[in-house]
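> Before anything else, here's the structure in question.
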Amino acid sequence: MSARRWIRGFLFAGLLVFSGQSGRTAPPIEYPGTATDWHGFRRYDFEIDGKAVLIVAPEVPAEDRPWVWHGEFFGHKPAPDIELLKRGFHIVYLRVPDQLGSPTAVANWNACYADVTRRFGLSPKVALVGLSRGGLYCYNWAIANPKKVACIYGDAPVCDFKSWPGGRGKGKGSPRDWKLVLETYGFQNDEEALAYTKNPVDQLAPLAAAKVPLLHVYGDADDVVPWDENTGVIAERYRQLGGSITLIAKPGVGHHPHGLDDSTPIVEFIEKHCLPVKTTK
């Protein structure tokens, strides 16, 4: 951390104490690894259990150290992350590509979660961001750990590998990534994979029971991850289970571009479900 940035954070924290708002921030902390600049914030790269991890830290952490965890494609469409960093959130990404939310990926995520919450005091409840195939990572980990999840934001998320990369519906599919599904999940053949009943669309009950709120942004012309085979199924089944899900459709848009021109709805959704409720004195 540069001396100038440290002094700015120290002075800002002092102003908050003086103004009686110290309960809304957490003290800064030093992270391991190499520090670089990411859109004006400190990015730290290091390893957990031999896997590459990065944390982008806010200048002044918000109370309880809220954080956002990306399933895949960290840095793509960064506007929501930048705004959340300004509001005191940490951003985390564990690099385990080509695992497509498999049990091995979930185990790696478990190790990462345990480390960053224990060592760095990040909040016990995290906001998950599942962009495209990142949806498999986020949903499968969340279903295994529902009480550790504050909310899930899915952006054209994959919620059933039979749809993508399997291409067993109306989507294009991806033979290369379907082969990865067979390898990483340990299926002997296509028939075993197609008979699998533990995709996110199949096991939403734990999330509904934990009252985890969902937000999905999607293009209604998506022919890569068709919304009605993924987001649409999630929405119908989650509501039947009593869960809360907000849908934001982008008419005429395909799988790309991701995100929203104005990311305010995304930022406010995450902030609402992660930050402590403000009370007036």
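> Among the residues of the stretch 1-47, which ones are modelled with pLDDT of 95 or more and under 25 Å from TYR113 (Cβ atoms)?
Answer for the stretch 1-47, where residues must be modelled with pLDDT of 95 or more and under 25 Å from TYR113 (Cβ atoms): THR36, TRP38, HIS39, PHE41, ARG42, ARG43, TYR44, ASP45, PHE46, GLU47.
> At least 3 residues that are closer than 18 Å to PHE269 by Cβ in each: list the helices (runs of 4 or more DSSP H) lying fully within the stretch 139-250 that qualify.
Per the criteria, 231-240.
> Considering only residues of the stretch 114-138 that are in a strand (DSSP E or B) and β-branched (Val, Ile, Thr), which is nearest to PRO32 (Cα to Cα)?
Top of the filtered list is VAL126.
> For the stretch 163-183, indicate whether the set of residues that are free of Cβ contacts under 8 Å to residues at least 24 places away in the same chain and at positive phi is non-empty.
The answer is yes; a qualifying residue exists.
> If only one of PRO213, PRO157, PRO175, PRO206 is touching a strand residue (DSSP E or B) at 6+ places or on another chain (Cβ under 7 Å) and surrounded by fewer than 23 Cβ atoms within 10 Å (Cβ to Cβ), which one is it?
Just a single option satisfies the conditions, and that option is PRO213.
The values are calculated or read from the model by the stated rules, or taken from the named source; none is laboratory data. Treat the numbers as computed from the prediction; the structure is a model and nothing was measured. Counting neighbours? That spans all protein chains shown, and the Cβs are built from the backbone with ideal geometry, glycine included.
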